[in-house]
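To keep things clear, I will list the structure first and then write my remarks on it.
Coordinate-derived values only; no laboratory data. All values derive from a computational prediction rather than experimental measurement. Here the Cβ positions follow ideal geometry from the backbone for every residue, glycine too, while neighbour counts run over all protein chains shown.
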Amino acid sequence: MPQRRGMFITFEGSDGSGKSTQASRLAAKLRDLGHEVVETREPGGSPRAEAIRALLLSGKAARYGAFAETMLFNAARADHLRSMIRPALARGAIVICDRFADSTRAYQGVLGKVSDELLEAAEEAVVADTVPDLTIILDLPAAETLERLGTRRVSGGTRDRFEEEALAHHAALRQAFLDIAARSRERCVVIDARRSIEEAAKRILNVVITRLGPDDPRAGEQREKKGDGRNQKRR
Ligand code: ADP
Ligand code: TYD
């Protein structure tokens, strides 16, 4: 396995929490600072994994149940890691991935009721030591997730059954990501996704620059310019 030198950053959170918006803004900022950045996503990110993504998102895989979906997400991840992520990290790039293994924990684990034992075994086999250095969890209350996704269905000021179900779904997902953050405090940073795009982007950049550390001369320059990198409080 190639030696790892770069930095692996993942974005997690509910649909519509701003992951892709923030991932691309962070990538642009880090490129401005002179880093090689590889932007990618899951499921997908490599040609073979994108083929599995199409199957997963078509809804056809769902017929086989959460266990089969777990295997497919992991099969896609194995190819993505082998062909894209590990080589990029080995040459020193910063890899920014929109969703990764925590999504399997939240969606297939908490929502799909796949056991922790199975998820852990798959993660150990597939992710192995390519655990993200930093995971940004964009946290949005369920009602605001529905608002963002434009799927609120309120009639006469009361929620209908579909909205109640959707709210419960998003609340369970939100809690799943917060539980992951609580278990992996070193790796995960929770960002309040109700903040403006600009404000959230600034916080995320500060966290990344702090993690890049004083050994990175470009991080130092940026800290001096902004004067706000050191006192960032982690949540
Ligand atoms: P995700 O990748 O998590 O599904 P997106 O980045 O695609 O989320 O954002 C979903 C929608 O919400 C987009 O229309 C985007 O412009 C909007 N959005 C993203 N971040 C914010 C924010 N902080 N405040 C308000 N709207 C946002
Ligand atoms: P996508 O269109 O990329 O959604 P989003 O904008 O929310 O990131 O679709 C990815 C979907 O796949 C999303 O609903 C989450 C789900 N997913 C899982 O269920 N398990 C996983 O391991 C991953 C990576 C994603």
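Some values worked out for this structure:
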{"read-out": "Cα-centre dipole for region 1-138 with unit charges at Cβ (Lys and Arg positive, Asp and Glu negative), debye to 20", "value": "440"}
{"read-out": "Antiparallel content of DSSP bridges confined to region 7-222, in %, to 5", "value": "10"}
{"read-out": "Unit charges at the beta carbon, dipole of the chain: most positive-side option, Ile136, Phe177, Asn206", "value": "Asn206"}
{"read-out": "Pairs of Lys in the chain closer than 16 Å at Cα, counting only those 8 or more apart or on different chains", "value": "8"}
{"read-out": "Charged-residue dipole, Cβ positions (Lys, Arg, Asp, Glu), the chain about Cα centre, Debye nearest 20", "value": "460"}
{"read-out": "Diffusion constant of region 160-217 at 37 °C, which comes from Stokes-Einstein with the Kirkwood Cα-pair radius and 0.692 mPa s, µm²/s", "value": "237"}
{"read-out": "Prolate/oblate/rounded call for the chain, Cα gyration tensor, a/c under 1.5 rounded", "value": "oblate"}
{"read-out": "DSSP-loop GluC sites (Glu not before Pro) across region 1-109, with at most 13 other Cβ within 10 angstrom", "value": "Glu36"}
{"read-out": "Charge dipole of the chain about the Cα centre (unit charges at C-beta), most positive-ward option of Phe67, Gly150, Leu118", "value": "Gly150"}
{"read-out": "Label-point separation in nm, Ala62 to Lys202, each point 7 Å along Cα→Cβ", "value": "4.0"}
